[in-house]
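Working notes, structure below.
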Amino acid sequence: MKQIIICALLILSTFNIDAQTMLSAKVVGVRDGDTVEVLDEQNKTYILRLAEVDCPEKKQPYGNAAKQFTANTVYRKTIKYIVTNKDRFGRSVAKVYYKNKYLSAEIIKNGMGWHYKKHSRSKELALLEQKARLSGIGLWADSNAIAPWDWRKARRGKSNR
């Protein structure tokens, strides 16, 4: 029995290590502020949903600005990433890094997105959002900025009528 438990723990720890593997890819597309398309070393493309951040939707105020920020930051550049999860659309949710910077943190710090507290408990990201809000940077220049999750919910409500 003891050997079975030890084998099970070893197998589970292997999956955990694998889930935290740092991968490398080139950004070949930016779908919106928090979603990029990457090409890996085997020439396979993947859609990555950035972890811990939620940017305005394309049709929402600052949606294009958020997309442009992400494009200016990582488009056609090699990034490193760690897949943390899959979202309900099957996209890989990932922590994306470039030049030793965490992309989600840079987006939040520059007022191009919200710290996605529903999926993150990061105190650092919460503080970056608070600083951006107080400074009126990016979307925080709009005193009536609507969080993307509230905007999506309102849009769903309109389509159900």
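General remarks:
- When residues in segment 62-83 are screened for being surrounded by 16 or more Cβ atoms within 10 Å (Cβ to Cβ), of a type outside the set (A, V, I, L, M) and either at positive phi or touching a helix residue (DSSP H, G or I) at 6+ places or on another chain (Cβ under 8 Å) (or both), 4 of them pass.
- In segment 69-87 there is no residue that is over 17 Å from residue 38 (Cβ atoms), modelled with pLDDT under 95 and of a type in the set (D, E, K, R).
- If you go through segment 115-157 and keep only what is under 23 Å from residue 67 (Cβ atoms) and charged (D, E, K, R), you end up with 117, 118, 129, 131, 133, 142, 150, 152, 153, 155, 156.
- Residue list for segment 86-123, restricted to those being of a type in the set (S, T, N, Q) and more than 11 Å from the chain's Cα centre (by Cα): 100, 110, 122
- Evaluated against (1) open to solvent by 50 Å² or more (accessible area, probe 1.4 Å); (2) at pLDDT 95 or above, residue 51 falls short on exactly one condition, (1).
- Hits in segment 86-128 - residues which are closer than 18 Å to residue 31 by Cβ and either open to solvent by 60 Å² or more (accessible area, probe 1.4 Å) or part of a loop (DSSP other than H, G, I, E, B) (or both): 86, 87, 88, 89, 90, 91, 95, 112, 113, 116
- Filtering 131, 153 for residues that are modelled with pLDDT under 95 and either within 18 Å of the chain's Cα centre (by Cα) or open to solvent by 60 Å² or more (accessible area, probe 1.4 Å) (or both) leaves a single hit, 153.
The values are calculated or read from the model by the stated rules, or taken from the named source; none is laboratory data. In this text, all values refer to a predicted model and were calculated from it rather than measured experimentally. So basically every Cβ, Gly included, is an ideal-geometry build from the backbone, and we count neighbours across all protein chains shown. Calculation scope for accessible area: heavy atoms of the full protein, side chains included, ligands and nucleic acids excluded. Shrake-Rupley method; radii C 1.70, N 1.55, O 1.52, S 1.80 Å.
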